[in-house]
Amino acid sequence: MPVELISLILVSVLLSSGSQVLLKLGMSASEIQLALAQAQGPLRIATSVMSSPLVLAGLTCFGLSALVWLFVLSKIPLSTAYPFVALGIAITAASGRILLGEPISAVKALGILLIVSGVMVIGAS
């Protein structure tokens, strides 16, 4: 597989993982948590969510990821491209650990290692 396509796949995966971190940060903001805790109604909650810069940035990254992914799918078979999406699990878990202080248990680390190993096997084939 050409390096350019692998690079595009990784850009899509990184954007997708980044979007998850941004969405988590945005949804953890005190204004949104307050609106959710007070059950202020769907319109008030939606307004709080959609006025969050972090949520909007996360949705933007997610949309950009989808656009890059569509280009990738136009160039290579789905069965070759899709396993790379699993790398997002490893990237997102590592980001959660580094940026959010979320724990990674030994079992979770083993699962991530297995996923990455599987992607490497598919990528090499």
> Got a sec? Which helices (runs of 4 or more DSSP H) wholly within segment 24-125 have at least 2 residues that are within 15 Å of the chain's Cα centre (by Cα) and under 30 Å from Met1 (Cβ atoms)?
Replying inline: 53-75, 87-100
>> Consider segment 1-58. How many of its residues are surrounded by 14 or more Cβ atoms within 10 Å (Cβ to Cβ) and of a type in the set (Gly, Ala, Ser)?
In response: 12
> Checking Ser79 against (1) in contact (Cβ under 8 Å) with a residue 12 or more places away in the chain; (2) hydroxyl-bearing (Ser, Thr, Tyr); (3) surrounded by fewer than 11 Cβ atoms within 10 Å (Cβ to Cβ), which single condition isn't satisfied?
Replying inline: (1)
> Looking at this structure, is Ala106 buried (at least 16 other Cβ atoms within 10 Å of the Cβ) and either farther than 23 Å from Ser28 by Cα or touching a residue at least 40 places away in the same chain (Cβ under 8 Å) (or both)?
Replying inline: no
> Which residue pairs have Cβ atoms under 6 Å apart, sit 6 or more places apart or on different chains, and have a first residue in segment 1-28 that is in contact (Cβ under 8 Å) with a residue 60 or more places away in the chain and a second that is among the aromatic types (Phe, Trp, Tyr)?
Replying inline: Ile9/Phe84; Ser12/Trp69
>> I'd like the residue in segment 56-102 that is touching a Phe, Trp or Tyr at 6+ places or on another chain (Cβ under 9 Å) and at pLDDT below 90 and, out of all such residues, is farthest from Gln20 (Cα to Cα).
In response: Ala81
> For segment 100-125, how many residues meet the condition of being within 16 Å of Ala81 (Cβ to Cβ) and hydrophobic (A, V, I, L, M, F, W, C)?
Replying inline: 6
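In contact with a Cys (Cβ under 7 Å, 6 or more places away or on another chain) and either within 25 Å of Leu114 (Cα to Cα) or at pLDDT 90 or above (or both): is that true of Leu15 in this structure?
yes
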> Looking at segment 82-103, which of its residues are exposed (fewer than 14 other Cβ atoms within 10 Å of the Cβ) and β-branched (Val, Ile, Thr)?
Replying inline: Ile98
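Would you pick out the residues in segment 11-60 that are hydroxyl-bearing (Ser, Thr, Tyr) and farther than 27 Å from Ala81 by Cα?
Across segment 11-60, the qualifying residues are Ser28, Ser30, Thr47, Ser48, Ser51, Ser52.
The values are calculated or read from the model by the stated rules, or taken from the named source; none is laboratory data. Just so it is clear, the structure is predicted and the values come from calculations on it, not from any experiment. No Cβ is skipped: glycine too gets one built from the backbone with ideal geometry, and neighbour counts run over all protein chains shown.
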